[in-house]
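The values are calculated or read from the model by the stated rules, or taken from the named source; none is laboratory data. Everything numeric here is computed off the predicted structure, so don't read it as measured data. Note: ideal-geometry Cβ built from the backbone for every residue, glycine included; neighbour counts use all protein chains shown.
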Amino acid sequence: MPFDRDHVLRCAADLLSHKATATQDEIAKAAGISRATLHRHFAGRDALIRALEDLGVRQLQEVVDQARLDDGSATEALVRLVESTRPVAGFLAFLSTENQLFEGEEVNEGWARIDAQIAALFKRGQESGEFRIDLSPVWLTEALYGLVSATAWTVLAGKTAPRDYTEMITGLMLGGLERRAPRP
């Protein structure tokens, strides 16, 4: 049987989304391959994590594209974006904990492209008067990632209901984003 790299990566992503400390043996078993086969294609955990990062960037770009960030109001686009992240939120939460992906000079340029698209959404919301202007679009982008990750972990841990995912994130994000009248 030929090696199906995408299948192995998706199995690894699914397992690591639920158990971030899974061993190479557990990952190989989840993918239906031997540890030797896994190691032949991914020479250690670091190589596997880098390959998973590429998968994560592709998946998040699909989510951003699906959310149509330029359509409708910025608020509507933000809600669509959050809802679109739901199927990959656990995996994105796992990737966000992998410090090796964000250290040094070898940061995947895909993250920068996606960050720019999401920051542009926040900037559009600020320019249209929907979002407060005292928080930078870059910080709001990072805050969104943090909320997606935190919510994914609480859902995976059974602490919150999956059906509440979008409302928890958008409720907090938009409640904190609303432009308020200046204090007298």
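Evaluating Trp139 against the criteria (1) surrounded by 15 or more Cβ atoms within 10 Å (Cβ to Cβ); (2) modelled with pLDDT of 95 or more leaves one unmet condition, (1). None of Val63, Val57 is more than 18 Å from Trp153 (Cα to Cα) and touching a Ser or Thr at 6+ places or on another chain (Cβ under 8 Å) except Val63. Among the residues of region 155-172, those that are surrounded by fewer than 17 Cβ atoms within 10 Å (Cβ to Cβ) and assigned to a helix (DSSP H, G or I) comprise Pro162, Arg163, Asp164, Glu167, Gly171, Leu172. Selection over region 1-56 of residues that are assigned to a helix (DSSP H, G or I), small (Gly, Ala, Ser) and surrounded by fewer than 14 Cβ atoms within 10 Å (Cβ to Cβ) gives a count of 2. The requirement of being under 19 Å from Asp70 (Cα atoms) and in a helix (DSSP H, G or I) is satisfied by Ala119.
Residues checked against (1) touching a helix residue (DSSP H, G or I) at 6+ places or on another chain (Cβ under 8 Å); (2) more than 21 Å from Gly171 (Cα to Cα):
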residue: Gln61; (1), (2): yes, yes
residue: Arg68; (1), (2): yes, no
residue: Arg80; (1), (2): yes, no
residue: Ser84; (1), (2): yes, no
residue: Ala93; (1), (2): yes, no
residue: Glu109; (1), (2): no, yes
residue: Phe131; (1), (2): yes, no
residue: Leu144; (1), (2): yes, no
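Could you tell me whether region 93-103 includes any residue that is modelled with pLDDT under 90 and of a type in the set (Asp, Glu)? Yes, region 93-103 contains a residue that is modelled with pLDDT under 90 and of a type in the set (Asp, Glu).
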